[in-house]
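The values are calculated or read from the model by the stated rules, or taken from the named source; none is laboratory data. Computed from a predicted structure; not experimentally measured. Note: ideal-geometry Cβ built from the backbone for every residue, glycine included; neighbour counts use all protein chains shown. These area figures cover heavy atoms from the full protein model, side chains too; ligands, DNA and RNA do not enter into them. Shrake-Rupley method; radii C 1.70, N 1.55, O 1.52, S 1.80 Å.
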Amino acid sequence: MRLHFVLLGCFLGPVAVQAQTGFGYLNSMEIIYVMPEMKDVQKKLTDYSAELDEEFKKMTEGYRKLEADYKANASKWSETIRQLKEDELMQEQQKIQRSQEAFQQDLGEKQQLLLEPLLMKADSAIKVVAKEKNIQYVFDTSKNALLYAEESGDISKFVKMKLGIDPNAKPQGME
């Protein structure tokens with residue numbers, strides 16, 4: 001008789017645990033992009049990008065002047081001067097390429113820095129909503145971490161409400 005209870009307990013134990021386990025999902029990118037602070041982040045990134053673009057334009061204008069000078073005067077110069085000018089053009093071109101890569105990296109770092117407070121705020125709201133809704137696991141559909149989900153499991157609207165955002169708000173371009 002005892003063996004029956006032990007076997008029954010082995011079978012019912014996992015069922016009881018599964019019944020208590022709640023799953024939810026959301027699209028974190030949608031939530032981040034509808035947060036009011038995102039407009040400020042986007043403006044700052046646009047302004048910073050414009051600064052970097054302006055600096056890049058100045059560099060390319062300098063290169064174009066050197067190139068035009070070379071084309072206009074190369075036939076008049078000695079082989080030594082021509083070689084020096086070609087080396088100067090090559091160095092300037094490499095400098096522009098390195099700068100472009102650095103500008104892209106700087107922009108990415110700036111974006112990460114500006115988004116960090118929003119990500120932390122959203123993460124905090126997600127944890128609060130998950131606890132309130134008795135959800136143990138929340139999947140993020142924006143990171144392709146979920147293969148199937150019923151709409152009833154979407155907690156995005158609750159997280160938006162927790163953040164003081166219209167639960168039906170959709171970011172432009174994501175409709």
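Structure notes:
- Estimated inter-spin distance, residue 116 and residue 84, nm [label 7 Å along Cα→Cβ]: 4.8
- Loop-located GluC sites (Glu not before Pro) across region 106-159 with a Cβ neighbour count of 16 or fewer within 10 Å are 150, with loop assigned by DSSP.
- Accessible surface of region 25-151 [probe 1.4 Å, protein heavy atoms]: carbon and sulfur percent: 51
- Computed from the C-beta positions of residue 71 and residue 102 and an R0 of 35 Å, the FRET efficiency is 0.80 to the nearest 0.05.
- Loop-located chymotrypsin sites (Phe, Trp or Tyr not before Pro) in region 82-170, at most 15 other Cβ atoms within 10 Å (DSSP): 148
- Modelled FRET efficiency - R0 22 Å, residue 109 with residue 172, Cβ distances, 0.05 increments: 0.30
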